[in-house]
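Here the structure is laid out as structure tokens; the discussion comes afterwards.
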Amino acid sequence: MGGLRRLFAIVGKEVRQLRRDRLTFGMIAGIPVLQILLFGYAINTDVRHLSAAVADQAQTSLSRELIAASQASQVVDIRARVDTARELERMLGRGEIDVGLLIPADFGRRLADPSRAAGQLLVDGTDPTIPASARQLAALELGYDSTPKPARREPVYEIRNYYNPERRSAINIVPGLIGVILTMTMVLFTAVAIVRESERGNLELLINTPVRRIELMIGKILPYVLIGLVQVTLILLLGAWLFDVPIRGPLLHVYGAAGLFIAANLTLGLVISTVAKTQFQAMQMTFFFFLPSILLSGFMFPFDGMPPAARYLAELLPLTHFVRLIRGIMLRAAGLGDMPGEVLALLAFTVLTLAVAVGRFRKTLD
Amino acid sequence: MADDYAIEAHGLTRRFGELTAVDHLDLRVPSGEIYGFLGPNGSGKSTTIRLLCGLLTPSEGEARVLGRRVPGEAEALKQEIGYMTQRFSLYEDLDVRENLTFIANIYGIPRRELRARVEGQLARYHLSDRPRQRAGTLSGGQKQRLALAAATLHRPRLLLLDEPTSAVDPQSRRDFWETLFELSAEGTTILVSTHYMDEAERCHRLAILDHGAIVADGAPRDLYEAMDALVVEVETADPRAAREVLLGREPILGVTQLGVRLRVLVERSVADAPDLVGRLLDGARIRASVTLTHPGLEDVFVMATRDAREPVPWEG
Ligand SMILES: Nc1ncnc2c1ncn2[C@@H]1O[C@H](COP(=O)(O)OP(=O)(O)OP(=O)(O)O)[C@@H](O)[C@H]1O
Ligand SMILES: [Mg+2]
């Protein structure tokens, strides 16, 4: 009874302070909008006029037709003609072209065989938009009517994605981006929460009142749960509006997953807040955590391509579990119940970090 | 009886690394009194107060506050003590009323009473004209009144005030002390630290701290009477030269300059102290008017810390 009262006193105070803190308030909306625009630009799949070179080793009418069709698609601008695959690779390596079209000498025979790709696209995968665009080329049909078209199971081009083995698109990035944005803002907001009080001298007064540690901790993070959910809404709306990102699973489960993830990040922020001596240190620690989260979670690089040690580490990061959950729900129409392991992992992380934060926090100045 | 003393400490010690900030302090603060801690910067006033609220763990010794062990039972004490930190520690981005309401909720003031209690504090501490002003924009004196309003909101039996009047003008200081006397009359025990002699003189009892140790304690009057020195005031055109002459001469114990005057401490056994001082100055051809005067706390302080500060140089 008295506990709830104190809890709500802390919450009310935090909300008031937050409303008056223009910078933080601006970051709540600013970070999601900025990030989604930044990432959105890079994930725009409708890229045209990629510079390309062709190695036409077949030199048949069919091969010329394919080259003409590729050019006509406007996806590529053919800038150079070379003889060998090696030369294409070299130009790709020097960054002179984004795409290399390789038409092997046995192009005619390959085309007749529905189980084999006839040509190859050599693609610079360092820029994530390029492989996605190149896939449009792969879908090209040859308008070649004289013989009955064999039912092709393989596209005309086989895509050889250099430097980036997994093809990605906006649809794949936006769900993960929810997690990245939440990691950034949620951890940071609470990481400075308690340190700020001690830097400003408020803590010496606060720890001399009957407030309990758990009340202080929960009271500090509750307002941010709501803020996190507002951010999620903002990202979902922007994603749907700008990039047609679908929400195939139940919306409630999207928010459920986000809620679990927000809680995990907030409690982690609290732990940082009990370790850091200054707000600056708290920010450093936040970024120390942010980097592996982004790199190892599967948001940027495919999880399966990582060495086992990195994978074990990644399993400890809440973002890893959230990326799996949210992609599952938004893209594969799964529900939280389909991935109980991920849900449990986030719950366990939250409870554990909250316990650590409460345990580390002392109502003394020692 | 435990109830006679609001605070009892034995051998209370706190070290920070090599430094002993509080050094084997024995302390007894009678219930209902205003007890002063007088000491210069770094003498351990704040550290002692923090030890007494349980904010710091003692390295040695023990303390009982309102009959409870600290820091062991500190949590049970929170509701009964009010603490005003040396640095302003309310929320600068909340307004005056919001700060008090927050504190009232934290202390669980019954809801029906809450508004009346907050408004009462605003009136009592002369803040009724600015309830919506952000605490960060208050003047030094207003901040101090707000801090005291917050510290007394839950009607604690014991108030610990850490240099409450630094940053406040003399008139506000007098008003502040009026309030302290009122609180004391209502039965609150008050421990207040200060480095102002005039404030310390108003306390029922006080302890003089130096380098973490109590060098003298008692009622102000008792301290004067117990002093092993007579005080001679010297008025002269060149007080620096006069000081040079007197310093370190037998039986002179200490010389403090106060503007154009010097306060000279002479051994109590000397029969005619002003004469003696006059003769010493005459010998150096310094004209001065010399009178015997009443000791003040300043003199008590100089006497008490004499040995620790400067060993009296011996000249023939
Ligand atoms: N947390 C700490 N870590 C290290 N040293 C400390 C700490 N707190 C206090 N000290 C040292 O302990 C000594 C006593 O400090 P304290 O703050 O108690 O003095 P004070 O009498 O309150 O002084 P002031 O009048 O300046 O407030 C000082 O030398 C100070 O530097
Ligand atoms: Mg102090």
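Quick note: the coordinates plus some simple rules give every number you see, no bench work behind them. These figures come from a predicted structure and were not determined experimentally. All Cβ positions, glycine included, derive from the backbone under ideal geometry; neighbour counts span all protein chains shown.
Computed values, structure above
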| quantity | calculated |
| --- | --- |
| Modelled label reach - B:R132, point 7 Å along Cα→Cβ, the stretch B:88-106 residues with backbone N closer than 18 Å | B:93-101 |
| For chain B: relative contact order, % (alpha-carbon pairs under 8 angstrom, 6 or more apart) | 19 percent |
| Size descriptor, Kirkwood hydrodynamic radius, that averages inverse alpha-carbon separations across the stretch A:272-366, Å | 15.1 Å |
| Ratio Rg/Rh [Cα only; Rh per Kirkwood] for the protein assembly as shown | 1.23 |
| Assigned charges on the beta-carbon of Lys, Arg, Asp, Glu; chain A dipole about Cα centre (debye) | 1440 debye |
| Förster radius 60 Å - calculated FRET efficiency between A:D244 and B:A167, Cβ distance, rounded to 0.05 | 0.45 |
| For q = 0.12, 0.16 Å⁻¹, Debye-computed log10 I/I(0) when each Cα of the stretch B:5-223 counts as one equal scatterer | -0.62, -1.09 |
| Principal axis box of the stretch B:14-76, alpha-carbon based, largest edge first, Å | 32, 25, 16 |
| Peptides ranked, highest mean first, by Cβ atoms within 10 Å: ranges B:278-285, A:228-235 | A:228-235, B:278-285 |
| Cα-based Lys proximity count in the protein assembly as shown, under 17 Å, for pairs eight or more positions apart or on separate chains | 4 |
| Footprinting exposure proxy for B:R157, A:R6 (fewest neighbouring C-beta atoms within 10 Å first) | B:R157, A:R6 |
| Chain A, relative contact order [Cα under 8 Å, separation at least 6], % | 18 percent |
| Hz values of 3J(HN,Hα) by residue in the stretch A:222-238 - Karplus curve (6.51, -1.76, 1.60), Gly and Pro given as x | 3, x, 6, 4, 5, 4, x, 5, 4, 4, 4, 4, 4, 5, 4, 5, 4 |
| Amide H within-cut-off set for B:Y5, under 5 Å, with H built and near neighbours excluded | B:S31 |
| Simple label model, 7 Å out from Cα along Cβ direction - B:E75 to A:A310, nm | 4.6 nm |
| Built amide H within the under 5 Å cut-off of B:L209, gap 5+ | B:L38, B:G39, B:V215 |
| Chain lengthening between A:E96 and A:F8 when straightened (0.36 nm per residue, less Cα-Cα) | 25.5 nm |
| Value of D in µm² per second that Stokes-Einstein yields for the stretch B:228-305, Kirkwood Rh from Cα pairs, at 20 °C (1.002 mPa s) | 177 µm²/s |
| Within-15-Å neighbourhood charge of B:A242 [Cβ basis; K, R +1; D, E -1] | +3 |
| Cβ crowding within 10 Å averaged over residues, with A:275-281, B:101-107 ranked highest first | B:101-107, A:275-281 |
| Average projected area [Cα convex hull, the stretch A:168-360], square nanometres | 11.1 nm² |
| Nonlocal amide H pairs with A:V82, under 5 Å, H built at 1.01 Å | A:V54, A:A55, A:D56 |
| Ranked A:M285, A:M217, criterion: other C-beta atoms within 10 Å, fewest first | A:M285, A:M217 |
| Fraction of beta bridges assigned by DSSP in chain B that are antiparallel (%, nearest 5) | 70 percent |
| Theoretical FRET efficiency, 1/(1+(r/R0)^6), r = Cβ-Cβ of A:R64 and A:L291, R0 60 Å, to 0.05 | 0.75 |
| Rg/Rg_ref, chain A, where Rg_ref = 2.2 N^0.38 Å and atoms are Cα | 1.27 |
| Total formal charge among the other residues, if their Cβ is under 15 angstrom from that of A:A282, Lys/Arg +1 and Asp/Glu -1 | +3 |
| Rounded D (µm²/s) - the stretch A:239-328, Kirkwood Rh over Cα pairs, Stokes-Einstein at 10 °C, 1.306 mPa s | 108 µm²/s |
| Highest-MSF residue in chain B out of B:E186, B:E62, B:E113 [GNM, Cα springs under 10 Å] | B:E113 |
| Label-point gap, in nm, between B:D175 and B:M197 - each point 7 angstrom along Cα→Cβ | 2.7 nm |
| Around B:R111: net Lys/Arg minus Asp/Glu count, Cβ-Cβ under 12 Å | +3 |
| Listed residues A:L317, A:L205, A:L102, most fluctuating in chain A (Gaussian network, C-alpha, under 10 Å) | A:L205 |
| Cα-based helix-to-principal-axis angle, A:2-20 vs chain A, degrees rounded to 10 | 60 degrees |
| Simple Cβ-charge dipole of the stretch B:114-223, Lys/Arg +1 and Asp/Glu -1, about Cα centre, in debye nearest 20 | 700 debye |
